[in-house]
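Contents: one structure, followed by commentary.
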Amino acid sequence: MTKECVADGILFDLDGTLINTIECTEKIYREYAEIYNVDIEELLDFSHGVQTIAVLKKFFPEDFATNESVIEMEDRALKDASGVHLVPGSLEFLNKIPKSCWGIVTSGTSIMAKTRMGQMGIEIPKCFFTADIVPRSKPFPDGYISCAKSLGFDPKNCVVFEDAPAGVKAGIDAGCLVIGVISSHTEKQLIDSGVSFCISSYDQLDVKIIDGKIHLSLKN
């Protein structure tokens, strides 16, 4: 299993990968699951890395699985920043990478993603793909392919950071090498889904920029 790589660009998922909002998100899902008698563990297992509307359509009645419900849930989430925090070392890691060499691909909406990034002090990158923009979200590779090309890179020369199997599949199918971030899933789950290796903190990575290339390696 390789624990070092060289890339032209770095593509990040957002929730669970740069910012951890799992506590806040799960609290809201639990409340609605109780109201509608939904198996919460099954829902949570499915939900990470997946658009909210897809979760609602899979588990809730048709009259609740609407865009209006998504807006209602996201509005509640944005008013509650309890438990929301940066993944360890993420901000420092971003500051080591040239701004022209990284982007974000998230299953969240633009307003949700931008608000959370503002709360956590993360600059919105030039290449920023949300659920509002990408017709087919994760596990489809469209977002990562589009983000890589917008940066001017071949996806096969990019590294993806992901915390959920749906996103890992999207990154791999885009042709990227994928590094797992342990937050919503265990290391074993991420390895089984196909990541090259895992980190729990970006402080575990050495970063060097050599001749415009990003060199990443896992510290011993």
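Tell me which of these Glu162 doesn't satisfy, since it passes every other one: (1) farther than 14 Å from Ser107 by Cα; (2) in contact with a helix residue (DSSP H, G or I) (Cβ under 6 Å, 6 or more places away or on another chain); (3) of a type in the set (D, E, K, R).
Tallying (1) farther than 14 Å from Ser107 by Cα; (2) in contact with a helix residue (DSSP H, G or I) (Cβ under 6 Å, 6 or more places away or on another chain); (3) of a type in the set (D, E, K, R), Glu162 fails exactly one: (1).
For a quick check of your reading of the model, give me the residue pairs whose first member lies in region 46-70 and is at pLDDT 90 or above and surrounded by 14 or more Cβ atoms within 10 Å (Cβ to Cβ), whose second is acidic (Asp, Glu) and part of a helix (DSSP H, G or I), with beta-carbon atoms closer than 9 Å and at least 6 apart or on different chains.
Final answer for the pair search is Thr52/Glu74; Phe59/Glu42.
Take the conditions over 16 Å from the mean Cα position of the chain (by Cα) and either within 21 Å of Val181 (Cβ to Cβ) or at pLDDT 90 or above (or both) and apply them to Ile22. Does it pass?
In short, no.
Looking at Asp206, Asp142, Asp192, Asp173, can you tell me which residue is within 13 Å of Ser107 (Cβ to Cβ), of a type in the set (D, E, K, R) and either modelled with pLDDT of 95 or more or surrounded by fewer than 23 Cβ atoms within 10 Å (Cβ to Cβ) (or both)? If you could, list the steps in order and put the result at the bottom.
Values: Asp206 fails: within 13 Å of Ser107 (Cβ to Cβ); Asp192 fails: within 13 Å of Ser107 (Cβ to Cβ); Asp173 fails: within 13 Å of Ser107 (Cβ to Cβ).
It is Asp142.
Please state which one of Ile10, Ile104 is touching an Asp or Glu at 6+ places or on another chain (Cβ under 8 Å) and part of a strand (DSSP E or B).
Going through Ile10, Ile104 in turn, the sole match is Ile104.
Suppose we filter region 1-40 for residues that are in contact with a strand residue (DSSP E or B) (Cβ under 8 Å, 6 or more places away or on another chain), closer than 21 Å to Leu86 by Cα and touching a residue at least 60 places away in the same chain (Cβ under 8 Å); how many remain?
Matching residues across region 1-40 total 12.
The values are calculated or read from the model by the stated rules, or taken from the named source; none is laboratory data. Small disclaimer: the values here were computed from a predicted structure and weren't measured. Cβ coordinates were reconstructed from backbone atoms using ideal geometry, including for glycine residues, and neighbour counts include every protein chain displayed.
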